[in-house]
Structure formats: C-alpha cells, structure tokens
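The structure appears below as structure tokens.
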Amino acid sequence: MLSKHLPKAVLISSASIVTLAFVGIATQSINWNGVGEKLTDLVEADQEKGPVIQELADQLTEAPGTSPVIRPAAEAQPRSQGQHGAGLMSLYSGAVSGAATAKRAMDTVMPVAPLPSRERFSSEEPNPLKQVINDPVSTFSIDVDTASYSFVRSGLNNGALPNPDAVRVEEMVNYFDYAYRVPDMGEAPFSTSVTVTDTPWNKHTKLMQIGIQGHKVPIEDLPPQNLVFLIDTSGSMADANKLPLLQQSFRLLLSTLRDEDEVAIVTYAGNAGVLLEPTRVADKTLILEKINALTSGGSTAGHAGLKGAYALAEKMTGEGEQTRVILATDGDFNVGLSDNESLKRFVADQRKQGTALSVLGFGRGNYNDELMQTLAQNGQGVAAYIDTLSEARKVLVDQVVSSISMIAQDVKIQVEFNSGTVAEYRLIGYETRALKTEDFKNDKVDAGDIGAGHNVTALYEVTLVGSPAQKFSDLRYGGQEETPDSLNTSFSGELAYVKLRYKEPGEEQSRLLETPVSADASEIPKNETLFAASVAAFGQLLKGSDYLGSWTMEDVEKLASENRGSDRFGYRSEFLNLVRLAQVSER
C-alpha cells in the first residue's frame, strides 16, 4: 500500500496536488509550473521519498505553459524506488483518468478557452508604390527560404487563415521551381532571365519577372559534407508533428547522404549534450539508433545547444570539406542567450569561421518565426518549415544539394528604372530583405546565398509613362530632369537595368552581372510568369493588399489552373487546393 511507504503528510499533500491537477485538467486553467513548485517543496521536506515525487514534478513541468506530457507508467517509474514510484504513479494515473471523464462532462456545460498562441513573426509594412523620378533604384537581398509557404499551408489545412505577418510573398513564390535557363559550365554560378507581360490584376500595368537559376551539381560531385544535427528535445516537442516528424525527416536525409559524409547529433533541453559524436554515414545503424532514441522533456536551452553544435562542427571540418549545423526546433530559446540581436552576432561570427546554419521549423503554437529567420539569414543557410513528411522529402531529399551546398554568397539585386519609360513601380515582397542603395556595392554588407540548383524569383509591378494606372499626380515644381537627346535615344527601348552582385564561396570581393530589360523581354515562358503571378496574388490577398483591385481568390484559382504546366511533383496542384481552402477558412 502506498500509505505504508510514504509519510502521512506527504501522502495527503500529494493527494491534494493531484486533486488540483484533476480540477485543472477539467477546466484547462491549471498552472503546471505551480504544481511542479509545490511538489518540489515536498521533495525538500522529505529527502528519502523526494525522488519519487520529483518524478511527478518533472512530468508536470516538462512543457511549461502546456498540458503535461504523460509517459507510459513503465518509463515513468524510478529505477531505485520500487513500490514508492508505482504507488504514486498509480495515484497520479487514476487522477488523470478521472479528470478526463470529468472534463468530458464539463465540456457539455461550459466552453473551454483555447490556449493562447506564442507564435511570433516579424512585422513589416508591404513595399509601397514608388515614383521613378524620385526613387529610381530598388535594392534587396535574394531570399531562397520557403518557410512561409509551408507554414501558411499547415494553417489552411486546419481551416484557419494565416496571421498576415506570417505571409512573406517572395517565399510563397519561391516555393516553386520555374523554367529558367540553366547556366552552362564555365559561366557565372547562376543565370539571369527576365520577362515583361501584362499584369493579370491590372490591365494598365506590366509585370516584370526576374528569374535567377543556379547551376546544378550532382550530390556525388559535392565535397565531403559534415552535418551537425542540433535537435530541440524540450517538453514542447512531444507532439506528433514535432519530434516524431523530425525523426522521420532526419531518417530521410540520412538516406540521401553518402557513406563518406559525417553526421553528429547535439540535443538541447534544459542543458545541451552530444548524443552522437562525429560518425561516418556508412555506420547508418548507429546513427539511426540515436535518432530513434530521441525523447522530449525540459526547457529550451537553445544558446547552449548552438555553442555545443558549433564546437563539434569545428572539430569535424577538414581541408576541402563543407560543414553545416542544421537546427530543428518548434521555435523558441528560453534559457541562456535568447534575444535576436545577440544570437544574430553569435551566428554571424560562427559563419565567418566557416560553419553555415540552416533551420528547420516544426509544429504550431510555439513557433518563433522571427528568430528562425534571423538565425538562417545570418548563418548563410535556409529556413524551411516542415509540416508534413512530403515537405521533409522536398527539402531534404529532392532539394538536398541546394539545401547543403552553396555556390554563391551575398547575392544582391539592384534594379534601376528608366524614368523615360517607367513612371511607377512596386516590388512585390522582399520587405524583410530590403537594402540601402549604397549597400549594393558594399561587400561588407551580408545578403542571401544560392545553393546548387536553387532558383530565385522577383516580381515588380510596373506602370509605364502615360498609363491611366499612374497614381502619383504631376508635380507643379521640379518636373522630370532633362537629359541629353543621345541618352534618351540610347535607352528609349529599356524599361530597367538589372544588376546582381555575388561572391564566389570563400571570396571577399564581389562580382557584377548586368542585364538591360526591354519592354518586350520574353526570356521566361509566359505560363511560368502567370503561375508565379497567381502565387503572388494569393500571398497579397492573404496579407490584405490594397493593390489588387477587385481581384478575388476565384481569380487566383482560375489563373493558376490555366497555367499549372507539367507539375512534375504535384506542388502546383496542391497550391490550387490551398486557394480553395482559403475561400472557406476563417481567421
């Protein structure tokens, strides 16, 4: 009997706390941290029975701010406490079972308030319309991330429209591959293609698409890869779409790597530790054993995990090899260094030492998108959100080379519009990637990187001189500057001049590519431009843009359906389903 082994005071107090848990589960109002603190007091009051009670305290406080994670009884029993643990867990399990019954009864008479979301996103105003005569130059960093698209998809699949701040239109557009020209060997690491066509949502403006395509490298031609999996095993990772999906995802990645590549695993929850020392992929059995053994529990000591992962990565790096940390988490760092600016500096310093950082996000409710973007952008890596096993396959199998191998660093785009032909323009998306005009030639200013096989898309809505779509009024003073007739004649057929700067991996000095854009540019198939336009319109509608006039989700669906193309992997068909779901979802 439990009463024969525990002091009466401890037994009564424990029962009181479990009763509190019973009521709390039924009403979803319990403070699990408070329960854990009370149990800790009991531990201090009775040192002999303390480990038994601490076991329960650990389970209740394993995931702060959420319901407790219930482990199987066999796993929860302390190895050295025998009947003490069994008795207390029996009491605990009985209370939980009774609470579940009570909760079902109470749900019929009182509403249950949902737990508040802790998801965080950076908030930027959409790019404004600009007048060429006053602001002819647009400068920004490329973005190859796709996290926004899959995050939006996860919400729509659950019947909810996304938080507008979660929608980054450029990441929605860049989720898809487009038919851009692949550069020949010996050329620059990527090619540039441009097309100008009528804007689907405004017949009086033009849509200019800039496409960048990185050259493709077979995985067998890559240098040896050193990958450190930095895995969040905190209590909040227990959900099926978090740690279990993460384990499946890394098993997929492991199936893609070569025998000579090396893998190490660092975990963090409360404190960080090395789960797997650097191991050749040839020893898949050992690596899989460690991945399969992952369990969740504790708080989120993200900074300690990063430090441990980078220290291990430094030991793994050899001559001619590439090293990358891949962080997998549901979002937040709540122990140690956790503010964005400090983490940004830490990751940037490590990047300069030769170790890149990519981020894979999992789950909902706790996701700190702003932090994940900060880490990936400053770590010369990609940020992806894994909501399904299919997405894991896309990122870690189909696109594994572009995810782990960089072919160009600090890629910046600068577009100068010709005031003789273009009156106004608007960059669609890239708000979080904006750069100052003078940053373009400053090689000390970081920008995005391109992996092998990556393609990048940018869209501008352009209003030509004399178009009825012009929104800016003519100026009474300071009209258009006069230019020499020879200059007007030379550039009269140009709409814009596109310049790109990039660095070869490991170089400090950037290189320049230049492309003039004529009014009839058509280097990209029109159906590809129109599909990209449908995705851009979808993103703008989700954000509540004022620039689409009377356009609706039905118009987006029609445009995407008519320009779906071959759709080899079915991603474009899936997009059509998301557009349909958005028409019946609620915010």
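Odds and ends about this structure:
- Segments classed as strands (runs of 3 or more DSSP E), wholly inside the range 416-473, with at least 3 members that are β-branched (Val, Ile, Thr): 455-464
- Any hit, the range 360-375, residues being open to solvent by 20 Å² or more (accessible area, probe 1.4 Å) and aliphatic (A, V, I, L, M): no
- Screening the candidates 523, 554, 528 for the property of being under 29 Å from the mean Cα position of the chain (by Cα), of a type in the set (Asp, Glu) and open to solvent by 60 Å² or more (accessible area, probe 1.4 Å) yields one hit, 554.
- Of all residues in the range 339-371, those satisfying the criterion of being closer than 19 Å to residue 451 by Cα and charged (D, E, K, R) are 351, 352.
- Any chance residue 534 is under 30 Å from residue 559 (Cα atoms), open to solvent by 50 Å² or more (accessible area, probe 1.4 Å) and modelled with pLDDT of 95 or more: no
- The residues on offer are 390, 419, 403, and the sole one that is among the hydroxyl-bearing types (Ser, Thr, Tyr) and farther than 29 Å from residue 138 by Cβ is 390.
- Of the helices (runs of 4 or more DSSP H) lying entirely inside the range 355-410, those carrying at least 3 residues that are β-branched (Val, Ile, Thr) are 400-404.
- Test for residue 450: is it in contact with a strand residue (DSSP E or B) (Cβ under 6 Å, 6 or more places away or on another chain), β-branched (Val, Ile, Thr), modelled with pLDDT under 95 and open to solvent by less than 10 Å² (accessible area, probe 1.4 Å): yes
- Screening residue 433 with (1) at pLDDT 90 or above; (2) under 18 Å from the mean Cα position of the chain (by Cα); (3) open to solvent by less than 10 Å² (accessible area, probe 1.4 Å); (4) of a type outside the set (A, V, I, L, M, F, W, C) gives one miss only, at (3).
- Residue match in the range 509-516 (condition: surrounded by 11 or more Cβ atoms within 10 Å (Cβ to Cβ), in a loop (DSSP other than H, G, I, E, B) and at pLDDT 95 or above): yes
- Test: residue in the range 333-344 that is among the polar types (S, T, N, Q), open to solvent by 40 Å² or more (accessible area, probe 1.4 Å), at pLDDT below 90 and under 22 Å from residue 504 (Cβ atoms): no
- The set of residues in the range 122-141 being open to solvent by 30 Å² or more (accessible area, probe 1.4 Å) and out of contact with any Ser or Thr (no Cβ under 7 Å at 6 or more places or on another chain) consists of 123, 125, 127, 128, 129, 130, 131, 134, 135.
- Within the option set 259, 221, 184, 198, being out of contact with any Leu (no Cβ under 6 Å at 6 or more places or on another chain), open to solvent by 50 Å² or more (accessible area, probe 1.4 Å), at pLDDT 95 or above and closer than 25 Å to residue 451 by Cβ holds for one residue only, 259.
- Single residue of the range 573-587 satisfying the filter (in a helix (DSSP H, G or I) and open to solvent by 20 Å² or more (accessible area, probe 1.4 Å)) that is farthest from residue 162 (Cα to Cα): 573
- Of the criteria (1) open to solvent by less than 60 Å² (accessible area, probe 1.4 Å); (2) at pLDDT below 95, which one residue 542 fails: (2)
- Cβ-Cβ distances below 6 Å connect the following pairs, each with a first residue in the range 396-420 that is under 14 Å from residue 516 (Cα atoms) and open to solvent by less than 30 Å² (accessible area, probe 1.4 Å), a second residue that is among the aliphatic types (A, V, I, L, M) and assigned to a strand (DSSP E or B), and a separation of six or more residues or different chains: 413/500; 415/496; 415/498; 417/496.
The values are calculated or read from the model by the stated rules, or taken from the named source; none is laboratory data. This structure is a prediction, so every number in the text was calculated from the model and none was measured. Using ideal geometry, Cβ is built from the backbone for each residue, glycine included, and neighbour counts are taken over all protein chains shown. Remember, those area values only see protein heavy atoms, side chains included, never the ligands or the DNA or RNA. Shrake-Rupley method; radii C 1.70, N 1.55, O 1.52, S 1.80 Å.
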